[in-house]
Amino acid sequence: MTAEPADPSTPGTVRPGGRTARVRAAVLRAAEDALVEHGFSGLDLADLAQRAEVGRTTVYRRWGSTTALVADLLTDMAEQSLPRARSGSLTEDLRANARLVQRTLADPRQGALFRAVLVAANGDPGTAEALQHFYRRRVEEWAPCVTEAVERGELPPDTDEFEVVRAVSAPLYYRMLTTAEPLDEAAADRAATAAEAAARAGAYRRRNG
């Protein structure tokens, strides 16, 4: 769903230039480090300023609260994520989506980061809203592959494209959060195959009334 924001070797991550962008990148990277190390409760704007080697007033003026900073972090992660595949095949598109999610969640740093944000969202309304916005953007990015499959006649005409995309990633998040089993490409491919089979069978058709 997303790639590691600050590592230029990670696919799909490009940082714009300029001092403002560099300050933002440094602070967001520091926020990632703190979330991975200590969770949401360990976030402190003064500490993040020190980690990022920027002035405290800059951090307080720009973000003002840890919730606002996490929201910006999620926005940045959505912006840096790889765009959806355009293979012309529903099977390949859903598999590409599943494998992107799998690589993100299986990454030691990114997996820990997402777990910290998910925990924070359970107890902080602002973080929950930011997380919902993040996933909405990612689902909207990939939904056209389902719409195009409907137009090609591969799926029922009233298929809910958003539900299909959510069905691809849901098993992968569940596996990450509830088991110690490896989150590998085989798991990603199974999730994509199951979502596609259910969609073809009409499980995600919109219900009227």
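Annotations
- When Ala128, Ala187, Ala116, Ala121 are checked against the criterion of being farther than 23 Å from Phe40 by Cβ and hydrophobic (A, V, I, L, M, F, W, C), a single residue qualifies: Ala187.
- Hits in region 41-67 (condition: open to solvent by 40 Å² or more (accessible area, probe 1.4 Å) and under 20 Å from Val119 (Cα atoms)): Ser41, Asp44, Ser65
- Where Asp158 falls short, out of the listed (1) free of Cβ contacts under 8 Å to residues at least 60 places away in the same chain; (2) under 30 Å from Leu35 (Cβ atoms): (2)
- Considering region 68-88, and only residues there that are among the acidic types (Asp, Glu) and open to solvent by 20 Å² or more (accessible area, probe 1.4 Å), the residue that is nearest to Leu131 (Cα to Cα) turns out to be Asp72.
- Matching option when the condition is in contact with a Ser or Thr (Cβ under 6 Å, 6 or more places away or on another chain) and not polar (S, T, N, Q), among Asp47, Asp93: Asp93
- Within region 22-108, helices (runs of 4 or more DSSP H) holding 2 or more residues that are among the hydrophobic types (A, V, I, L, M, F, W, C): 45-52, 66-80, 90-106
- Counted residues, region 148-170 - those being of a type in the set (Lys, Arg) and crowded, with 16+ Cβ neighbours inside 10 Å: 1
- Some residue of region 14-28 being crowded, with 19+ Cβ neighbours inside 10 Å, in contact with a Pro (Cβ under 7 Å, 6 or more places away or on another chain) and modelled with pLDDT of 90 or more: yes
- Condition met for Arg99 (open to solvent by 10 Å² or more (accessible area, probe 1.4 Å) and touching a helix residue (DSSP H, G or I) at 6+ places or on another chain (Cβ under 6 Å)): yes
- Enumeration of residues in region 171-209 that are among the hydrophobic types (A, V, I, L, M, F, W, C), open to solvent by less than 80 Å² (accessible area, probe 1.4 Å) and free of Cβ contacts under 8 Å to residues at least 12 places away in the same chain: Ala186, Ala197, Ala203
- Considering (1) touching a residue at least 12 places away in the same chain (Cβ under 8 Å); (2) surrounded by fewer than 19 Cβ atoms within 10 Å (Cβ to Cβ); (3) under 17 Å from Ala121 (Cα atoms), the lone condition that His38 does not fulfil carries the number (1).
The values are calculated or read from the model by the stated rules, or taken from the named source; none is laboratory data. All values derive from a computational prediction rather than experimental measurement. Cβ sites come from the backbone with ideal geometry, for glycine too, and all protein chains shown count toward neighbours. Keep in mind that these areas ignore ligands, DNA and RNA; they rest on the heavy atoms of the full protein, side chains included. Shrake-Rupley method; radii C 1.70, N 1.55, O 1.52, S 1.80 Å.
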